[in-house]
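To start, the structure itself, in structure tokens.
The values are calculated or read from the model by the stated rules, or taken from the named source; none is laboratory data. Note that this is a predicted model, so its numbers are computed, not measured. Cβ sites come from the backbone with ideal geometry, for glycine too, and all protein chains shown count toward neighbours. Accessible surface is based on the protein model in full, side chains and every heavy atom, while ligands, DNA and RNA are left aside. Shrake-Rupley method; radii C 1.70, N 1.55, O 1.52, S 1.80 Å.
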Amino acid sequence: MNIDRRDLLRFAGAASVAAAAGAAAPPAAPAIGVQLYMLRDLLAKDLEGTLAAIARIGLRHVEFAGYYNRTPAQWRDLLKANGLTAIGAHGLYPDMSDDQVAAAIDAAAAIGLEWVVAAVPRLPGLTLPITEQSFRAATQRITGDDLKASAAWFNRIGERAKAAGLRFAYHNHGFDFRRYDGRYGLDLLLAETDPALVALELDIGNMIAAGIDPLPYLKPGGRARLAHVKDWRGPYTPSLYEIPASAPVGEGSIDWPPLIKTLARARIPYIFIEQEGIEPSAALDLLARNWRHLQPGRT
């Protein structure tokens, strides 16, 4: 076929229009990490060996739930030695003093984290030592005023985190979906907090165990900026306070493929594996199974 100069110009113009108006590249899937709470017993016994095992599985991102008496400098060296990047840390609680909050934020900044996270609101009447029973009882005593007080505290923490170059998020549990005057507790918290200061780390497994659809919280441009992924063996009765028997992602009852696509469309940059209720001796094997099922084309 002979193509003259006018044809070339016409084809070039059409290509330019198509490039400008064509479909954008699909959003990238979130990077996969692990919430280290899942491996807490192993880390307490052999921190260095457990970090090396995480890296051998293929994971490159972690989220802290304690620092195991290591300094920020030591953590930077440990992470670098294993090719790992720490994204955030749980460890902010509404009953912390100003000095404790400052220390937590300073430590996170010194390690080089992006995020600091609070996993619970104000829990009335909860005292040390904390047991599973006392924790559950405290979550059942949460009032709307407790949530509003927590929201005010979250706004202050968000300001402090921002001043240190970090971002702050709240991580939900099932009890966050108890209703207060017809509204979910989580919705009350979000309404009372500044979106510029307080983001959401959406625990999808916790929501589904409570019988709540996560999709409304995963709209593009929404408050969710991080997520936890976990799966449950079925059948089970949804509960705000009890969790079912766990399963690796992809081996349980949750339909993960559309959720992973939704997470990508919402441009959630990181998701963290956190399988609950497991034996420490099985934790690394279960982490590897979660990791394998979350690879593209597997879920």
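Before moving on, here are some points about what is shown:
- Calculated log₁₀ intensity ratio I(q)/I(0) where the Debye formula runs over C-alpha points of segment 43-150, q = 0.18 Å⁻¹: -0.95
- A 1.4 Å probe over all protein chains sorts 141, 225 by accessible area into 141, 225, starting with the largest.
- Gyration tensor over alpha-carbon atoms, the chain, equivalent ellipsoid semi-axes in Å: 36, 24, 22
- Between segment 116-145 and segment 154-212, the alpha-carbon center distance in angstrom: 15 Å
- Using a Förster distance of 45 Å, the FRET efficiency for residue 279-residue 109 (Cβ separation, nearest 0.05): 0.80
- When the chain is treated as a GNM with alpha-carbon contacts under 10 Å, the residue of 241, 68, 170 showing the greatest mean-square fluctuation is 68.
- Residue 128 contributes about 150 Å² of solvent-accessible surface, heavy atoms of the protein only, 1.4 Å probe.
- Each 10 Å bin from 0 upward holds the following percent of the Cα-Cα pairs of segment 66-115: 25, 55, 17, 3.
- C-alpha long axis of helix 256-265 to longest principal axis of the chain, angle in °: 70 degrees
- For the pair segment 246-293 and segment 66-88, the centres of their Cα atoms are 23 angstrom apart.
- Lys, Arg +1 and Asp, Glu -1 on Cβ, resulting dipole of the chain about Cα centre, debye, nearest 20: 980 debye
- A helix-only calculation puts the chain at -12500 deg cm²/dmol for mean residue ellipticity at 222 nm, using -39500 (n - 2.57) for each DSSP H run of at least four residues, averaged over all residues.
- Within a Gaussian network of the chain (alpha carbon springs, distance under 10 Å), most fluctuating of 50, 143, 127: 127
- Residues with amide H under 5 Å from that of residue 122, placed H, sequence gap 5 or more: 150
- Highest-MSF residue in the chain out of 172, 206, 155 [GNM, Cα springs under 10 Å]: 155
- Ellipsoid fit via the Cα gyration tensor, segment 201-299: semi-axes of 21, 17, 12 Å, each the root of five times an eigenvalue, largest first.
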